[in-house]
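These notes are about the structure you will find just below.
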Amino acid sequence: MTQQTNPRLLLQVKQVSKRYQEGKIDTQVLKGVDLDVYAGEQLAIVGTSGSGKSTLLHIMGTLDEPTQGQVTLQGEDLYQLSPARQAKIRNHDLGFIYQFHHLLPEFTALENVAMPGLIQGRNKKAVEQEAKALLERVGLGHRLDHTPAEMSGGERQRTAIARALINQPKLVLADEPTGNLDAASGESVYELIRELGSQLGTAFVVVTHDPKLAARMDRQLQMKDGQLFGETEQDSASSQVSA
Ligand SMILES: Nc1ncnc2c1ncn2[C@@H]1O[C@H](COP(=O)(O)OP(=O)(O)O)[C@@H](O)[C@H]1O
Ligand SMILES: [Mg+2]
């Protein structure tokens, strides 16, 4: 196969549709979504509640299957892979951040951040050292031994960011990571994503319903009627689409 693709193209969503069928109720959530995510870019997806943002993010992360269409990560067709290979990709190449931190309550911040590295089978000492360094980078060097219940909402989300980055993923998928935070903590989470993303070269796709936070990212797309609308940076520079 000789396919000419941009080497910076990381993840590609091609004509993805998703419908849920429960009895007589048939919900067509995604209707032929196309999306290219490039290495290191920071992309926001906005849209009203129920528009399909989480569904798309899950499909991008092999957490839910599309009804139709394809998702490729560096040329690999994710839905042609075995569940074991998908799990490996989730652990090695992808990071996830959720609206509710999903930290393990009985473990400390350090242990939570180290966990995906230990699951990968990496050396415990090395992983813990990295977890400590990451927690320091997100401003939590003084909270290493705190459990989630002993941290604020913003601190928990910053811990979740550190955990998403421990295996140096190529892409982090974040679903309303600030949906549960006050404005100031939300801003600082975005600042952190900007800073860490550009320092580490990690791509971020962040779903948010907050257009102000979305505006901080390199590129914004809107989920509407089961499709993504928006402009690439080049498009917006060269043509103005009337609203
Ligand atoms: N497992 C499911 N079964 C049936 N309908 C679902 C399921 N998951 C999501 N939906 C429906 O799909 C639509 C999009 O949901 P979602 O992707 O969570 O939206 P968003 O994240 O933008 O709020 C909603 O109307 C929701 O009710
Ligand atoms: Mg959602």
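The values are calculated or read from the model by the stated rules, or taken from the named source; none is laboratory data. Keep in mind it's a predicted model, so treat the numbers as computed, not measured. In this analysis, Cβ positions are derived from the backbone assuming ideal geometry, glycine residues included, and neighbour counts consider all displayed protein chains. We work out accessible area using only protein heavy atoms, side chains counted, and drop any ligands, DNA or RNA first. Shrake-Rupley method; radii C 1.70, N 1.55, O 1.52, S 1.80 Å.
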Averaging over all projection directions, find the projected area of the Cα convex hull of the range 56-115 and quote it in nm² with one decimal place.
5.1 nm²
Any idea how far apart LYS212 and GLN129 come out in nm if each label point goes 7 Å out from Cα toward Cβ?
4.2 nm
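Relative contact order of the range 108-243: what whole-number percent is it, with Cα pairs under 8 angstrom and at least 6 residues apart?
19 percent
Per residue Cα convex hull volume for the chain, in cubic angstrom? Let's see the in-between values first.
Details: hull volume 37.4 nm³, N = 243.
Enclosed volume per residue, from the Cα hull, is 154 Å³.
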Name the long-range amide H neighbours of GLY69: under 5 Å, sequence gap of 5 or more, or other chain; modelled H, no Pro or chain starts.
SER17
Regarding the range 1-69, what are the three Cα extents along the principal axes, ordered largest first, in Å?
44, 30, 18
For LEU10, what residues show an amide H to amide H distance below 5 Å, using hydrogens built from the backbone and excluding near sequence neighbours?
VAL37, TYR38, ALA39
Rounded to whole Å, give me the distance from the Cα center of the range 1-72 to that of the range 164-190.
20 Å
Considering every Cα-Cα pair within the range 1-120, what fraction, in whole percent, is farther apart than 24 Å?
38 percent
In whole percent, how big is the carbon plus sulfur part of the accessible area of the range 1-109, probe 1.4 Å, protein atoms only?
49 percent
Given a 1.4 Å probe, the accessible area of the chain per residue, as a whole number of Å², is 52 Å²
Within the chain, what is the number of lysine pairs with alpha carbons under 15 Å apart, leaving out pairs fewer than eight places apart on the same chain?
9
Once both labels are modelled 7 Å past Cα along the beta-carbon direction, what's the ASP145-GLU65 spacing in nm?
4.8 nm
Taking the Cβ-Cβ separation of LYS31 and LEU81 as r and a Förster radius of 25 Å, what is the calculated FRET efficiency to the nearest 0.05?
0.50
Given backbone amide H placed at 1.01 Å from N, residues whose amide H is under 5 Å from that of LEU228, ignoring those fewer than 5 places away on the same chain, are ASP34
Given 0.36 nm per residue, what is the gain on full extension from GLN168 to ILE119 after removing their alpha carbon distance, in nm?
16.2 nm
